[in-house]
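One structure below.
The values are calculated or read from the model by the stated rules, or taken from the named source; none is laboratory data. Because the structure is predicted, anything quoted here is derived from the model rather than measured. Every residue, glycine among them, receives a Cβ derived from its backbone with ideal geometry; neighbour counts consider all protein chains shown. When the accessible area is computed, the model is the full protein with side chains, heavy atoms only, and any ligands, DNA or RNA have been set aside. Shrake-Rupley method; radii C 1.70, N 1.55, O 1.52, S 1.80 Å.
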Amino acid sequence: MMDDADKELAERARKLFAGPIEFLKSAPDLEFLPDPQVPEIAFAGRSNVGKSSLLNALTNRKALARTSNTPGRTQELNFFDVGEPLQMRLVDMPGYGFAEAPKALVKRWRFLVNDYLRGRRVLKRALVLVDSRHGLKDIDREVMGMLDDAAVGYHIILTKGDKVKSSALGGLYEATMIEAGKHPAAHPAIFTTSTETGSGIAELRTAILEAATS
């Protein structure tokens, strides 16, 4: 049960994400990053994990982040301004795990993401999205290792929770908790979300605001 402080934070998060949110820019390389003025929250996940859909649901927009059936289409860091005056930025990182991508593209992705994670002092938290139907894959663990090495705290977000039976979802949650416990930068709070039903979206908004302001 939420106390008054939790309720206040949740209401602040609701109002913030219901307010002005705009796409700022895409950064194909570090030299194009915006000035580090405000806290940033980064979204990471395999291609087709539902990252764009989650960003759209969190921000109450239908097309803030573009959705695509083509894995690995987004190969830049995409920045979104939240709040007026500006409160924070959401950063959509390039999707990973695209088997069809050329090796040079995969290498470029690694350098871009790794350099951003290691050098961005305003990066407050990362969200690692995992498809509830498939659970953690080796590529997810690799990215979790990158975050551990960069000392960037992160939440694991189980997406598409409505696509899995509740019994299977409970087992996946427990297994993910155990896995997260092996990673020093993983936050113990894991979120299960569904952009179809809206489940977990409000809680994740609150967690994002809490991370940005802590």
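Being in a helix (DSSP H, G or I) and farther than 30 Å from Glu31 by Cβ narrows it down to one of Leu136, Leu169, Leu117, so name that one.
Leu169
When residues of the range 3-21 are filtered for being surrounded by 12 or more Cβ atoms within 10 Å (Cβ to Cβ) and over 14 Å from Ala202 (Cα atoms), how many remain?
Within the range 3-21, residues that are surrounded by 12 or more Cβ atoms within 10 Å (Cβ to Cβ) and over 14 Å from Ala202 (Cα atoms) number 3.
Among the residues of the range 22-50 satisfying the criterion of being surrounded by fewer than 17 Cβ atoms within 10 Å (Cβ to Cβ) and aliphatic (A, V, I, L, M), which is nearest to Gly83 (Cα to Cα)?
Residue satisfying both the conditions and the ranking: Leu24.
Please verify whether Val143 is open to solvent by less than 10 Å² (accessible area, probe 1.4 Å) and among the β-branched types (Val, Ile, Thr), treating the condition exactly as stated.
yes
Is it the case that Glu179 is out of contact with any helix residue (DSSP H, G or I) (no Cβ under 6 Å at 6 or more places or on another chain), open to solvent by 70 Å² or more (accessible area, probe 1.4 Å) and in a helix (DSSP H, G or I)?
The answer is no for Glu179.
So in the range 182-206, with the set limited to residues that are open to solvent by less than 50 Å² (accessible area, probe 1.4 Å) and not in a loop (DSSP other than H, G, I, E, B), which one is nearest to Leu54 (Cα to Cα)?
Of everything passing the filter in the range 182-206, Ile201 is nearest to Leu54 (Cα to Cα).
Considering only residues that are in contact (Cβ under 8 Å) with a residue 40 or more places away in the chain and either open to solvent by 30 Å² or more (accessible area, probe 1.4 Å) or over 17 Å from the mean Cα position of the chain (by Cα) (or both), which ones fall in the range 163-176?
Those that are in contact (Cβ under 8 Å) with a residue 40 or more places away in the chain and either open to solvent by 30 Å² or more (accessible area, probe 1.4 Å) or over 17 Å from the mean Cα position of the chain (by Cα) (or both): Leu172, Ala175.
Would you be able to tell me the number of residues in the range 75-133 that are more than 25 Å from Thr159 (Cα to Cα), modelled with pLDDT under 90 and out of contact with any Gly (no Cβ under 8 Å at 6 or more places or on another chain)?
7
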